1. Can you pull out every residue in segment 109-119 that is surrounded by 17 or more Cβ atoms within 10 Å (Cβ to Cβ), in contact with a helix residue (DSSP H, G or I) (Cβ under 7 Å, 6 or more places away or on another chain) and more than 19 Å from residue 132 (Cβ to Cβ)?
2. Name, by its number, the condition in (1) crowded, with 17+ Cβ neighbours inside 10 Å; (2) at pLDDT below 95; (3) under 16 Å from the mean Cα position of the chain (by Cα) that does not hold for residue 135.
3. Among the residues of segment 57-80, is any under 22 Å from residue 160 (Cα atoms), out of contact with any helix residue (DSSP H, G or I) (no Cβ under 8 Å at 6 or more places or on another chain) and not in a loop (DSSP other than H, G, I, E, B)?
4. Tell me whether segment 108-129 contains one or more residues that are touching a residue at least 12 places away in the same chain (Cβ under 8 Å), closer than 27 Å to residue 196 by Cβ, assigned to a helix (DSSP H, G or I) and under 20 Å from the mean Cα position of the chain (by Cα).
5. Go through (1) free of Cβ contacts under 8 Å to residues at least 60 places away in the same chain; (2) under 25 Å from residue 28 (Cβ atoms); (3) crowded, with 20+ Cβ neighbours inside 10 Å for residue 75 and report which single condition fails.
6. Just give me the residues in segment 173-200 being buried (at least 22 other Cβ atoms within 10 Å of the Cβ), closer than 15 Å to residue 134 by Cα and in contact with a helix residue (DSSP H, G or I) (Cβ under 7 Å, 6 or more places away or on another chain), in sequence order.
7. Within segment 65-93, how many residues are under 13 Å from the mean Cα position of the chain (by Cα) and closer than 15 Å to residue 104 by Cα?
8. Looking at 208, 153, which is the one that is under 30 Å from residue 105 (Cβ atoms) and touching a residue at least 24 places away in the same chain (Cβ under 8 Å)?
C-alpha cells in the first residue's frame, strides 16, 4: 500500500477527472439524459475516438463558473485525501468558449475551486492551458495567446492535446513559441496513440521540458538515450495506457525500462474515471505492478516536483513536504 506516501500529479485533464457521481448530479440539475455515455457510474466508450465523444458529453453537464469551481474543488479534495500535495490540471479556454460560458468565466471558476481546495486542505494546484490538435493550428495559437496574455498567476504552463494523429508537430510550433516567450512551462502530448516519431518531433521542434505520455519512445533506443541526456521528463499514465490499448498489460508497460535507462519519469492518472483508475491506484501500481520500493516511488515524486511549473519558492515548499 502507498497510502503513507506523499503524491504529486502533473498530467490530468480537468473534465476527464469529473467524478461520475458529480456528473450524474449535474446531469439531473440540467435535465440531461446520460444513458448514451454513462451507466451505473461508469463512463461508456470503446476506443480512442469514442472516448473523445464521451469526454465531450460528460463536459456538457458543467456549464457555469460555479459548476467549474465545484468540479475543481471536488477533484482536488479527492486528491488531498490520499496525501497529494500538488496537482497540475489541464484546461482548455476553447472549451469555455464552445459551451458559451466564455474562456474568462471558465478559468475564473476553475481558479476559485483551486483556491477553495487549498484553503480547506493545503493542496497546491496550477493550470496548464492546452490547445487541441483536432481543432487546427489557428485554434491552438489562440489558446497560446490566451495563456500568454493572462495575468492569472495559477496559469503556469502550455500543452498540446487532442487527436495525436491529426497534423504534424511543426504545424503547432508557433503556439509553443508564443508560450515560451511568455515564460510558460512547455509540455506536449506525444508518443501515446502515435509512435516514437511523434516524441522525436516534439523534442526536436518544440523542445519542451516535459512530454505528456511519451512512452512509445521505447520503440527507438536512440531516442530513449536522447531523452535521458536532455533530462526531458515524461508524464507517464500507466492506467490510461492499458485502458486505451497502448500496451497490452502492465507487464509489457515500459515505465521501469525507461526509468532504468535514465529517463526522468513521473506518474499521473490522465482521465481517471474514464480509465477506471485514480492517482491512488497509479501509486499502488507503481508498487504492486512495477515493483518499485517506497524510496523509488518517492524519487519519482521528487522528479515531479522538480519538473512542476511553479516558482522556486513554491517548489522548495513542496520538496520540504517530502
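1. 109, 112, 113, 114, 117
2. It fails just one condition, (3).
3. Yes, segment 57-80 contains at least one residue that is under 22 Å from residue 160 (Cα atoms), out of contact with any helix residue (DSSP H, G or I) (no Cβ under 8 Å at 6 or more places or on another chain) and not in a loop (DSSP other than H, G, I, E, B).
4. no
5. Here residue 75 meets the rest and fails (1).
6. Result: 175, 188, 190.
7. Matching residues across segment 65-93 total 2.
8. Numbers: 153 fails: touching a residue at least 24 places away in the same chain (Cβ under 8 Å).
The conditions single out 208.
The values are calculated or read from the model by the stated rules, or taken from the named source; none is laboratory data. Given the structure is predicted, the values throughout are model-derived calculations rather than measurements. Methodologically, a virtual Cβ is constructed for each residue, glycine included, from the backbone with ideal geometry; neighbour enumeration extends over all protein chains shown.
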